[in-house]
Amino acid sequence: MPSNQYDIKVEVETQYIPEQSIPERDHFVFAYTITIRNDGNAAARLLSRHWIITDANNKVQEVKGDGVVGEQPHLKPGERFRYTSGTMLDTPVGSMRGSYQMIADDGMKFDAEIPMFTLSIPRTLH
């Protein structure tokens, strides 16, 4: 079986949401936009997600659930699915990583890794 049969790539863009954050109460809100791309040659459905969210105090939250934003997208080879979600941290900097649990049309289950990315407030000049 060719190694590229099941090849899901994940790209992330992050954004700090100042209007929903309350820094004086250690409440920092971030949005992240995920693009999931099927670079393999087998169609697959995203079944569930597993996130590991770590703040600057090394407090870890694990989030597991079905699908993403209420959907279980089915991606044919070459297709993409893009969505935006968010998280809240107690610190102005943190990181997220995880995986999507996928099932190919042939019944093969596999994980698509979500590489670690940083959440941080942009530097501001006073």
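Nothing in this text is a laboratory measurement; each read-out follows from the coordinates by a stated rule. Note that the structure is a prediction, hence the values are computed from the model and not measured. Note that we place each Cβ from the backbone using ideal geometry, even for glycine, and neighbour counts take in every protein chain shown.
General observations
- In this entry, ARG49 passes the filter for residues that are within 15 Å of VAL12 (Cβ to Cβ) and surrounded by 13 or more Cβ atoms within 10 Å (Cβ to Cβ).
- Tally of residues being touching a strand residue (DSSP E or B) at 6+ places or on another chain (Cβ under 8 Å) and more than 17 Å from THR91 (Cβ to Cβ) across the range 52-79: 17
- Matching strands (runs of 3 or more DSSP E) fully within the range 1-118 where at least 3 residues are in contact (Cβ under 8 Å) with a residue 24 or more places away in the chain: 8-16, 28-38, 44-55, 80-89, 93-104
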